[in-house]
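The block underneath contains the structure these notes are about, expressed in structure tokens.
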Ligand code: LLP
């Protein structure tokens with residue numbers, strides 16, 4: 001699953017003790033395990049090897065340049081959604097031909113940068129966007145490839161409403177009927193070669209079934225398009241493979257591949273290219289958020305554990321009611337967790353609400369969570385926080401962003417410094433007349 005393990009009651013990231021790290025870098029901080037990141041990438045590469053896919057790591061899930069670089073060094077392409085993410089992909093040394101660029105609101109300057117960089121595909125969301133990118137590429141005297149984002153009207157009922165994207169009424173993509181008209185209209189444009197179909201049905205998707213339904217629809221569409229004389233060389237099946245938030249509750253890469261690979265075998269054998277855009281399944285279990293207990297307090301029958309991080313650093317519980325396993329980094333032997341889940345059958349646990357310092361009631365990581373006894377000054381680890389953690393963090397309430405640390409074996413490196421108050425206010429130092 002990952003390389004965050006307890007040894008004699010002490011939590012380690014690979015071979016580095018979390019408590020030692022906290023003493024050196026202070027709290028709160030994100031810590032990533034490079035081996036976990038790489039293992040998760042390799043598992044996808046192995047599970048889908050028969051299709052020889054381009055694996056475009058979804059930068060939006062965790063975009064630190066050092067992590068992106070570790071994956072680019074392994075051959076990963078990148079899925080970007082903004083000029084800022086394209087910049088990160090460049091800094092990471094990613095192969096631009098393996099970059100796909102999605103997103104409903106690409107600006108002209110972002111498009112110019114991406115055309116000039118020679119990215120692999122623009123994932124197209126609308127007719128107006130296609131025309132704009134085609135015109136820009138023509139003006140630059142360049143050509144680019146386009147994948148039409150098709151909305152297959154498929155979704156997973158377990159996926160949170162806020163992260164479901166494959167339903168008919170979303171802002172993403174076009175429906176299948178419109179896709180055919182799209183190819184009729186734009187299939188012959190020279191500056192923007194429309195030669196691919198893109199899907200993304202949501203995140204996370206907890207079983208392979210929605211992929212099967214969506215891919216079947218996409219393959220039917222590709223057949224129809226080919227019969228109508230269109231050139232479709234590539235299918236991008238998007239992201240959404242789940243992460244292991246609760247031990248064993250999510251499929252593994254091999255489970256998804258077991259059902260998906262057979263559907264795409266013929267397409268691949270006929271020269272088709274497959275693209276995957278995994279984010280969370282690579283990065284989520286590769287990261288922890290480490291925080292210190294500031295105070296304990298009771299309110300009615302409730303025991304509050306107040307920590308030095310909150311929704312400003314990890315917004316998922318507040319925004320999606322997401323579950324993150326939380327446990328002290330240093331525990332007595334009988335309290336070493338034997339699984340990561342809502343309730344553990346261990347002696348002497350106390351039910352707590354773990355909350356942050358932000359002035360919002362929503363600033364809670366867990367409402368009724370059984371934890372070993374904790375005291376002021378103890379460290380807690382918030383697990384499976386690598387994806388959509390730091391990338392969604394903000395300076396709300398003027399709290400500085402936490403540091404990020406990368407562990408590789410017994411080496412730990414600060415890969416993003418903790419912000420200072422000066423960093424937080426830096427862009428406000430001078431006022432300029434406009
Ligand atoms: N491709 C596209 C077009 C996407 O929109 C996304 C995620 C991905 C790939 C990567 O999905 P993944 O493999 O990471 O599931 N903030 C939410 C998740 C938002 C996902 C947005 N799109 C969360 O914390 O759960």
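Can you tell me how segment 370-423 classifies by the Cα gyration tensor, rounded, prolate or oblate, using a/c under 1.5 as the rounded cut? Oblate is the answer for segment 370-423, as a/c is 1.5 or above yet b/c matches or exceeds a/b.
Based on DSSP H segments of at least four residues, each scored -39500 (n - 2.57), the chain has a per-residue ellipticity at 222 nm of -8500 deg cm²/dmol. Only Cα pairs under 8 Å and at least 6 apart count here; give the relative contact order of segment 102-276 as a rounded whole percent. This gives 20 percent for segment 102-276. Relative to the longest principal axis of the Cα atoms of the chain, helix 108-117 runs at roughly 80 degrees.
Annotation: extensible slack from residue 410 through residue 188 equals 74.4 nm (criterion: 0.36 nm per residue apart, minus Cα-Cα distance). So what is the relative contact order of the chain, in percent, for Cα pairs below 8 Å that sit 6 or more residues apart? The value is 20 percent. Estimated from the Cβ-Cβ distance and a Förster radius of 51 angstrom, the FRET efficiency linking residue 367 and residue 74 is about 0.85. DSSP assigns beta bridges within the chain; of those with both partners inside it, close to 50 percent run antiparallel. Under 20 Å from the 7 Å Cα→Cβ point of residue 376, by amide nitrogen: which residues of segment 340-363? Residues 352-358 qualify, since their backbone N sits under 20 Å from the label point.
From least to most packed, judged by other beta carbons within 10 angstrom and beginning with the fewest, 104, 174 follow the order 104, 174. Report, to the nearest 10°, how far helix 209-227 tilts away from the longest principal axis of the Cα atoms in the chain, using its own Cα long axis and a range of 0 to 90°. Taking Cα atoms only, the helix is inclined about 20 degrees. Taken along the Cα-to-beta-carbon direction at a fixed 7 Å, the label points for residue 319 and residue 95 span 3.2 nm. Projecting the alpha carbon convex hull of the chain along each direction and taking the average yields 22.6 nm². Axis angle, to the nearest 10 degrees, between helix 176-186 and the longest C-alpha principal axis of the chain: 50 degrees. Ellipsoid fit via the Cα gyration tensor, segment 85-144: semi-axes of 19, 13, 9 Å, each the root of five times an eigenvalue, largest first. With the simple model of a label 7 Å out from the Cα in the direction of the Cβ, residue 359 to residue 161 spans 2.9 nm. Of 88, 429, 226, the sequence from fewest to most neighbouring Cβ atoms within 10 angstrom is 429, 226, 88.
With a ≥ b ≥ c the root eigenvalues of the C-alpha gyration tensor of segment 115-229, is it rounded (a/c under 1.5), prolate (a/b larger than b/c) or oblate? Prolate, because a/c is 1.5 or more and a/b exceeds b/c. Note on 247, 384: ascending count of other Cβ atoms within 10 Å places them as 247, 384, the fewest first. Here the scattering of segment 71-180 is modelled by Debye summation over its C-alpha atoms, one equal scatterer each and no solvent; at q = 0.18, 0.19 Å⁻¹ the log10 of I(q)/I(0) is -0.93, -1.00. In a Debye calculation with equal point scatterers on the alpha-carbon sites of segment 193-325 and no solvent, what is log10 I(q)/I(0) at q = 0.09, 0.11, 0.16, 0.21 Å⁻¹? Values, matching the q order: -0.42, -0.56, -0.88, -1.24.
Working from Cα pairs under 8 Å separated by at least six residues, relative contact order for segment 20-157 is 16 percent.
Rule-based calculations on the coordinates, nothing more; no lab input. The shown structure was predicted, so the numbers you read here are calculated from the model rather than taken from an experiment. Cβ atoms come from the backbone with ideal geometry, glycine included; neighbour counts cover every protein chain shown.
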